[in-house]
1. If we sort 182-189, 148-155 on the protection proxy, mean other Cβ atoms within 10 Å, highest first, what's the order?
2. Beyond 30 Å between alpha-carbons counts as too far, so tell me which of Lys30/Lys118; Lys167/Lys202; Lys132/Lys167; Lys118/Lys145 fall in that bin.
3. Rounded to the nearest 0.05, what FRET efficiency is calculated for Arg141 and Ala101 with R0 set to 30 Å and r the Cβ-Cβ distance?
4. Per residue, how much accessible area does the chain have with a 1.4 Å probe, in Å²?
5. Which shape class applies to the chain: rounded if a/c is under 1.5, otherwise prolate when a/b exceeds b/c and oblate if not, where a ≥ b ≥ c are the square roots of the Cα gyration tensor eigenvalues?
6. Taking each pair of different alpha-carbon atoms in the range 45-122 once, compute 1/r for the pair, average those values, and report the inverse of that mean as the Kirkwood hydrodynamic radius in Å to one decimal.
7. May I ask which residue of Leu38, Ala112, Ser66 lies farthest towards the positive end of the charge dipole of the chain, with charges of +1 (Lys, Arg) and -1 (Asp, Glu) on Cβ and the Cα centre as origin?
8. Using the Cα centre of the chain as the reference point, and only Cβ charges (+1 on K/R, -1 on D/E), how large is the resulting charge dipole? Debye, rounded to the nearest 20.
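The values are calculated or read from the model by the stated rules, or taken from the named source; none is laboratory data. Bear in mind the structure is a predicted one, so any value in this text is a computation, not a measurement. Note that we place each Cβ from the backbone using ideal geometry, even for glycine, and neighbour counts take in every protein chain shown. Just the protein is used for accessible areas: all its heavy atoms, side chains included, with ligands, DNA and RNA removed. Shrake-Rupley method; radii C 1.70, N 1.55, O 1.52, S 1.80 Å.
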Amino acid sequence: MTAAKTARNRAKPSSPREKSAPATGLRQRKREATQERLTRAAMALFLQRGFEATTIDDIAAAAEVSRRSFFHYFASKEDAVYAWQEDIAASLTEEVAARPASESMLTAAENAIAAATKRLDPSEALAMARLKRDNPILQARDQLKYERLERALAQGLARRTNRKSEKLRARLVAMIATGAMRVGGEVWVTEDAREKPEAFVKRMFDAIRGILK
């Protein structure tokens, strides 16, 4: 490339997309920061006052945004409860894909779940689990969460093989693993979270292997 051509390239005006990229990134970061502030405010109020006693106006005021702004991020109080978990399905899929091909589906599922749980704050997870346990509305939403997790886990496991015959196995392993997460979570709360989440995951899968023998 000649010096003149290089100079022309450097002087070439940026496209509208190139100009807007930094601004878009800044807007997205601000949006994520506001959503995080709303989520944290909602969690703190729910745990302090209870779910039913906390209003959307309370959450908006604690996060220092308007009621209208709240609805830019969440359609309801229930959505705010689950905002902190919304990426777990994607995280599980990524963790499964990262597992060595030599691992069985069940082992890959176990290790992926254990890796995902390491990202959780145990005290926060325990408090939120108790909140959901004591509220029928939140319990119903919890079932939807597990359905999404099961689908995501099945998809992640199925991608580990190109054989169609393995897709059924992937769905069954995902069903077993998700059931272990649901039952294990209930037991973990009942036992007052005495074990680290990843250690408890191992205990659950050891029990599953014992049953399958």
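1. 148-155, 182-189
2. Over 30 Å Cα-Cα: Lys132/Lys167.
3. Efficiency, from the Cβ-Cβ distance: 0.25.
4. Value returned for the chain: 62 Å² of accessible area per residue.
5. Verdict is oblate for the chain.
6. Roughly 15.0 Å, rounded to one decimal.
7. Towards the positive end, the residue furthest out is Ala112.
8. 1360 debye
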